[in-house]
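Worksheet: one structure, shown below.
The values are calculated or read from the model by the stated rules, or taken from the named source; none is laboratory data. Computed from a predicted structure; not experimentally measured. Ideal geometry is used to build each Cβ from the backbone, glycine not excepted, and the neighbour counts take in all protein chains shown. Heads up: the accessible areas ignore ligands, DNA and RNA and are worked out on the full protein's heavy atoms, side chains in. Shrake-Rupley method; radii C 1.70, N 1.55, O 1.52, S 1.80 Å.
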Amino acid sequence: SFLVKFVEKSDMLVFANILIVLKIAASAFTASLYFVRSEEHKKLSAASVSLLGFIYATSGYVMLFYQNVIWLDMMYLFPLLLISLERLRGGKPLMYILTAAAMMTVNYYIGYMIVIFLLLISSAYVILTAKKAGEPTGAVCRRFIISSGCAALLSAAVWLPCFMQYLTSGRRSSITENLSTGDFVTDYDTVFPVMMCCAFMLLMAFGELM
């Protein structure tokens with residue numbers, strides 16, 4: 001978004017198209033990098049890696065939402081997140097902290113969705129892969145929680161002012177008010193499965209820590 005300061009208004013459409021192409025290319029590159037670096041996919045041939053990277057970068061999500069240039073940032077950051085989770089499991093949390101902080105920074109306005117996603121995918125990924133490798137999952141879970149806290153602090157300069165502004169805005173209402181005045185079944189039918197999945201992942205994590 002800050003790059004528009006360097007572009008003339010008359011060239012904005014061309015600039016947006018170039019930016020979309022660059023982000024799609026970056027998505028193909030990071031996806032290929034994941035298939036090369038991942039322990040699970042090291043046996044793939046170079047042709048398979050290139051093909052899978054191309055398929056990832058031209059997925060239905062990209063074709064449907066390419067008009068929102070900022071959302072494409074998640075496409076090239078997601079493979080890096082998967083790589084960082086493997087490194088986190090191996091005791092190297094720095095890449096995970098930087099990647100999670102970057103995801104929160106570029107899409108701070110939907111930060112809570114990122115947090116929910118990280119809870120779901122990271123908990124399952126770290127716990128299941130650690131179990132498969134015969135590693136102590138308790139230490140991995142603690143490392144994940146501490147690293148996530150560091151990522152939140154690192155990106156706080158972006159999301160904290162927005163959160164403070166939200167608390168003082170007229171759009172804020174308490175959960176108690178929403179539950180007491182709204183219909184739980186109709187208003188929360190899409191939220192309830194997400195809440196249950198998050199609760200299930202947290203129970204798995206705490207079960208491994210006990």
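Label-to-label distance for A16 and F29 is 2.4 nm, based on points extended 7 Å past Cα in the beta-carbon direction. The distance between label points at L160 and R87 comes to 2.5 nm (points 7 Å beyond Cα on the Cα→Cβ vector). Taking all protein chains together, K42, K132, K9 sort by accessible area into K9, K132, K42, largest first [probe 1.4 Å]. Each principal axis of the Cα atoms in the stretch 1-112 has its own extent, and those three values, largest first, are 48, 31, 22 angstrom. Residues with beta-carbon under 15 Å from that of C150, excluding C150: net charge, scoring Lys, Arg +1 and Asp, Glu -1? Net of charged neighbours comes to +4. What the phi angles of the stretch 145-153 give under the Karplus curve with 6.51, -1.76 and 1.60, with θ = phi - 60°, is a coupling list of 5, 5, 5, 5, x, 5, 5, 5, 5 Hz, glycine and proline written as x. Counting every C-alpha pair in the stretch 22-63, the share spaced more than 17 angstrom apart comes to 25%. Remark: the S50-L98 segment gains 14.7 nm on full extension, using 0.36 nm per residue and subtracting the alpha carbon distance. Peptides 82-94, 61-73 ranked from most to least packed give 82-94, 61-73, packing being the mean of other C-beta atoms within 10 angstrom over each peptide's residues. Using R0 = 30 Å, the C-beta based FRET efficiency linking K9 and M63 works out to 0.65. Rounded to 0.05, the FRET efficiency of the F200 and E39 pair, given R0 = 25 Å and the Cβ-Cβ distance, is 0.45.
If R0 is taken as 30 Å, the Cβ-Cβ distance between L128 and L167 corresponds to a FRET efficiency of 0.20. Among the GluC sites (Glu not before Pro) within the stretch 1-67, which fall in a DSSP loop and have no more than 10 other Cβ atoms within 10 Å of their own Cβ? Those that pass, being in a loop and sparsely packed, are E8.
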